[in-house]
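For reference, the structure is listed below as structure tokens.
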Amino acid sequence: MSARTKVSSMSTSINRRQFIGTGAAATAAAGGFVFGFPTEASAQGEAPEVNAWVVVQPDEKVVIRIARSEMGQGTLTGLAQMVAEELECDWARVTTEYPTPGQSLARKRVWGNFSTGGSRGIRESHDYVRKGGAAARMMLVQAAADGWKVPAAECTVDTGVIQHAASGRKTSYGKVAVAAARLTPPTEITLKDPKDWKLLGKRLARLDTADKVNGKKVFGADLKLPGLLNATINACPVFGGKLKSFDAAAVEKMPGVKKVLAVGDNAVAVVADTWWHAKKALDALPVEWDFGANAKLQQADFNAVLKAGLDAPEAVVGNSNGDVKAALAGAVRKVEAVYAFPHQNHATMEPMNATAKWTPERCEVWTPTQNGEASLAAAALAAGLPAVQCEVYKIDLGGGFGRRGAVQDWITQTVQIAKQMPGVPVKLLWSREEDMTQGRYHPITQAKLTAGLDAQGNITGLHMRISGQSILAGVAPQNIRDGKDPVVFQGLNNGGGEAMIGYTFPALLVDHAMRNPHVPPGFWRGVNLNQNAVYLESFIDEIAHATQQDPLALRRKLMANHPKHLAVLNAVAARAGWGTPAPDIGGQKVFRGLCVTHGFGSYVAACAEVSVSTEGKLKVHRIVAATDCGYAVNPQQIEAQVEGSFVYGLSAMLYEECTVKDGRIEQRNFDTYPSMRIAEMPRVETIVMPSGGFWGGVGEPTIAVAAPAVLNAIFAATGKRIRELPIKQQSLRA
Amino acid sequence: MARLNVNGRVREHNAEPDTPLLWVLREQIGLTGTKYGCGVAQCGSCTVHIDGAPVRSCAVPVSAVQPSQKITTIEGLSAKGDHPLQKAWVKNDVPQCGYCQSGMIMAAAALLKKNPKPTDADIDAAITNICRCGTFNRVRAAIKEAAGVTKTAGLDIVHVVRSVA
């Protein structure tokens, strides 16, 4: 290759409809090489599969199958607990494995949805995974009873030991598993009453910690395969731009370089023996881009478009009651504020990566993914093969936060590379810079809130106008109906059980003027609840101060119809000591701020304690947080998620902002996109207060209360209201 | 062939001199416990020890490391994963995704070597690694426990649970 390589766009020969249609003809395909995934057992081994969820080995080890992905949130442990609870097995002998998306396809999605996002792991699969455990228990007990020729109803089971008291006989799961696997699965399954739970609600340690403290855990970035080559990639830095040409000859003699190739119509990659060699060559590669019209776009332009949307006559209504226009027109006094929330990158610690091996007959992919089924679909599409000829082996994620779910761009790229090197396994690992500049960003929005007040300072009407980006418009436009992206209104809905506003106003209007910049959006841990809570909870605080009311008292007044919201708020207020002054710390006065919301099915609240020095230095000392997630599967895992949520939420509040210059993202690494360190971490006190009767998520909701609680405390400390995030360079002293 | 002393063994490699130590460890010697997170010494996922001192290996060219210098990676921190920090990490269920934890533990181990009884301020100054999952409070608890500064009840640190009525 001496001349500049001309880029032609790739065509694909399979569409999504074909992909879905191939399921019934699929064969169980665990072929290929799985090198360590899973480690403990396989569906094909001598250990009998009692049902899709449960494999019992002769040595009494129980392997529980987990369809959702573990990315740090603990879902693997929680889901295993749910199966084990009904199975009545010995928790000390439980291990887990991931079924593959290919196996799921072959078995008509027997494990249900693989998608791991929206804090859905537990709350959407609690019923069928518990039934899976219960059905396996019933079959194991039946097998023992059959062997003894006694009615199963006369047998009892505890920690994997089955007993028939009348005859004094005893056996164990490992001994009857083969016979149990041959039985017809039961159709009538009764789940335990929560009051009889033994494992659910317990503070159990995670199942996956050991290899995370000794370096043994293999992440996607660490995968080794025989003959593996390494690749790294640059996509056009301007979103929407194309690859024009590149000078392969300039780098192909560099150490270790195997191939320089175009990927799709907008990216170029170098494949080498090692990743470092690939990186060095890519950095040296002369590339010409066709940046396209988006190269003219600047951050200030978007901001102006969003600002104009705040007063646009056309907007889609998300929630309304009463006549807000009349209420505002007749108000004795109005309070109004405008807020802004930026684009943000997920910044998983492990950059995007996958390994793929393509032949004309088969394509295999190894990858950290939040949705193995979506990875399989993306792989098949890029491979030009039916899905039954493809397989995805999931690897635990080095962070997900939404980046590795709905959009599977890195899978597409990896397969596009592997397809150009048939038979050779190739690992594509993005550099941090690529990860920062090719994100699927938290959507950018602004909001204007206007409240009408009567002569006594009571709120007569509230208008909340959101202007800005829709995630669905970028990720799944088919789900937008009548111009409405319902996800925009997270935490502001009237009912629905998913993300409900906790206040009742005499008149309320929440509407959205959709304004979509060219920056691709994505679901970002906490999603739209994050900025909606900043907007609403800051504004409630503003009204309280404008009307000389205590922020807690005002909230309580508006929450009469929302007892579960109120309960978490009261819990944090009581524990934090709201109403009594916080003791000084290091000679600094300490001030408190509140926030409450509902999202991902759970009620959450926080009370933050901060001090701000005379120089404007912020210190967050303590946060008391409360979560009502209905049923608490593993309180100590919930606590870990709550603690972690403050790191994600406060990092966003303090530092995180992706800005556009000349159509591209300016921030390229953690030096310009910082994340908080341990020194900035407040003490976190977590109140887990499950009220029963529903299942709420815990991985995300608390993120939304982090920033507003602190911002409200900053106001209490300084009288300065921060309305644009991140705080970054803004002075906290007026 | 150049030589490095890694985890008590002499290892040979043929990487170019400007190759960061991180990539020699990962790709030439096969020790993948040390992670790539940023490549610019910001995040600390690549932290190893050189003669006992914490170093961000993504920003150290391999040519800057002498064969006589002792490199320790997470794999070599203890023979059986039983360094007091590793035990405290397990007891406190510290890791979430786990990707940054090798670097976090190595940074903590270097701190305890220099300062066996660190204060909170010492921990703040020494542990500047990024963790996006947000394990910081458990990291702190585990360091103090390993140092014998405090004892935690393991999984019962700092929390309040109110059960279903």
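The table below lists the values:
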quantity	calculated
Conditions (1) in contact with a Phe, Trp or Tyr (Cβ under 7 Å, 6 or more places away or on another chain); (2) more than 9 Å from every other protein chain (Cβ to nearest Cβ); (3) under 24 Å from A:A573 (Cα atoms); number of the one not met by A:M653	(1)
Index of the failed condition, A:Q729 passing every other in (1) assigned by TED's automatic domain parsing to the domain that holds A:V527; (2) more than 20 Å from the chain's Cα centre (by Cα)	(1)
Within the range A:229-306, strands (runs of 3 or more DSSP E) holding 2 or more residues that are charged (D, E, K, R) and within 26 Å of B:H13 (Cα to Cα)	A:257-263
Candidates A:H598, A:H562 - the one that is touching a Ser or Thr at 6+ places or on another chain (Cβ under 9 Å) and of a type outside the set (F, W, Y)	A:H562
Qualifying positions in the range A:670-684 - farther than 30 Å from A:N634 by Cα, under 22 Å from the mean Cα position of the chain (by Cα) and surrounded by fewer than 21 Cβ atoms within 10 Å (Cβ to Cβ)	A:P674
Test: A:A560 is within 23 Å of the chain's Cα centre (by Cα) and either part of a helix (DSSP H, G or I) or away from chain B (no Cβ under 14 Å) (or both)	no
Residue list for the range B:98-120, restricted to those being facing chain A (nearest Cβ under 9 Å) and under 11 Å from B:L77 (Cα atoms)	B:S102, B:I105
Every residue from the range B:128-144 that is over 18 Å from A:E350 (Cβ atoms) and in contact with a Pro (Cβ under 9 Å, 6 or more places away or on another chain)	B:N137, B:R138, B:I143, B:K144
Selection within the range A:676-705 - among the acidic types (D, E) and more than 9 Å from every other protein chain (Cβ to nearest Cβ)	A:E700
Unique residue being closer than 25 Å to B:R138 by Cβ and modelled with pLDDT under 95 when the list is A:G649, A:G586, A:G644, A:G599	A:G586
Among (1) buried (at least 24 other Cβ atoms within 10 Å of the Cβ); (2) more than 30 Å from A:G240 (Cβ to Cβ) - the single one A:E615 does not satisfy	(1)
Test set (1) in a loop (DSSP other than H, G, I, E, B); (2) within 14 Å of chain B (Cβ to nearest Cβ); (3) without any contact (Cβ under 8 Å) to a residue 24 or more places away in the chain - A:K195 fails condition number	(1)
Options A:A383, A:A406, A:A374: the member that is modelled with pLDDT under 95 and among the hydrophobic types (A, V, I, L, M, F, W, C)	A:A406
Test result for A:G587, within 30 Å of A:W197 (Cβ to Cβ) and either more than 13 Å from every other protein chain (Cβ to nearest Cβ) or charged (D, E, K, R) (or both)	no
Residue within the range A:517-530 that is among the basic types (K, R) and closer than 30 Å to A:A406 by Cβ present	yes
Selected residue [farther than 28 Å from A:Q641 by Cβ and touching a Pro at 6+ places or on another chain (Cβ under 9 Å)] from A:A145, A:A134	A:A145
Selected residue [among the aliphatic types (A, V, I, L, M), modelled with pLDDT of 95 or more and either out of contact with any helix residue (DSSP H, G or I) (no Cβ under 8 Å at 6 or more places or on another chain) or in a loop (DSSP other than H, G, I, E, B) (or both)] from A:A513, A:A573, A:A544, A:A473	A:A473
Among residues of the range A:382-436, those that are among the charged types (D, E, K, R) and out of contact with any helix residue (DSSP H, G or I) (no Cβ under 9 Å at 6 or more places or on another chain), counted	4
Members of the range A:221-239 that are more than 7 Å from chain B (Cβ to nearest Cβ) and farther than 28 Å from A:V287 by Cα	A:L223, A:K224, A:L225, A:P226, A:G227
Test: residue in the range A:711-726 that is surrounded by fewer than 20 Cβ atoms within 10 Å (Cβ to Cβ) and assigned to a strand (DSSP E or B)	yes
Count of the range A:553-569 residues which are touching a helix residue (DSSP H, G or I) at 6+ places or on another chain (Cβ under 9 Å) and surrounded by fewer than 19 Cβ atoms within 10 Å (Cβ to Cβ)	3
Test: residue in the range B:45-60 that is within 30 Å of A:Q73 (Cβ to Cβ), within 9 Å of chain A (Cβ to nearest Cβ) and touching a residue at least 60 places away in the same chain (Cβ under 8 Å)	yes
Inter-residue pairs, beta-carbon under 8 Å, first within 17 Å of A:A210 (Cβ to Cβ) and in the range B:96-113, second β-branched (V, I, T) and assigned to a helix (DSSP H, G or I), 6+ apart	B:S102/B:I74; B:M104/B:V139; B:I105/B:I74
Filter pass, A:V257 being more than 22 Å from A:Q142 (Cα to Cα), within 14 Å of chain B (Cβ to nearest Cβ) and touching a Gly at 6+ places or on another chain (Cβ under 7 Å)	no
From the options A:I703, A:I687, A:I665, residue that is surrounded by 20 or more Cβ atoms within 10 Å (Cβ to Cβ) and farther than 26 Å from A:R440 by Cβ	A:I687
Scope the range B:24-43; condition surrounded by 24 or more Cβ atoms within 10 Å (Cβ to Cβ) and within 9 Å of chain A (Cβ to nearest Cβ); matching residues	B:V24, B:R26, B:G33, B:T34, B:K35, B:Y36, B:G37, B:C38, B:C43
Residue check, A:A354 buried (at least 24 other Cβ atoms within 10 Å of the Cβ), assigned to a strand (DSSP E or B), touching a residue at least 60 places away in the same chain (Cβ under 8 Å) and in contact with a helix residue (DSSP H, G or I) (Cβ under 6 Å, 6 or more places away or on another chain)	yes
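Yes/no per residue for (1) β-branched (V, I, T); (2) closer than 18 Å to B:N7 by Cα:
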{"position": "B:A64", "(1), (2)": "no, yes"}
{"position": "B:P67", "(1), (2)": "no, yes"}
{"position": "B:K70", "(1), (2)": "no, yes"}
{"position": "B:S78", "(1), (2)": "no, yes"}
{"position": "B:H83", "(1), (2)": "no, yes"}
{"position": "B:V94", "(1), (2)": "yes, no"}
{"position": "B:Y99", "(1), (2)": "no, no"}
{"position": "B:S102", "(1), (2)": "no, yes"}
{"position": "B:A109", "(1), (2)": "no, yes"}
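The values are calculated or read from the model by the stated rules, or taken from the named source; none is laboratory data. Small disclaimer: the values here were computed from a predicted structure and weren't measured. Cβ sites come from the backbone with ideal geometry, for glycine too, and all protein chains shown count toward neighbours.
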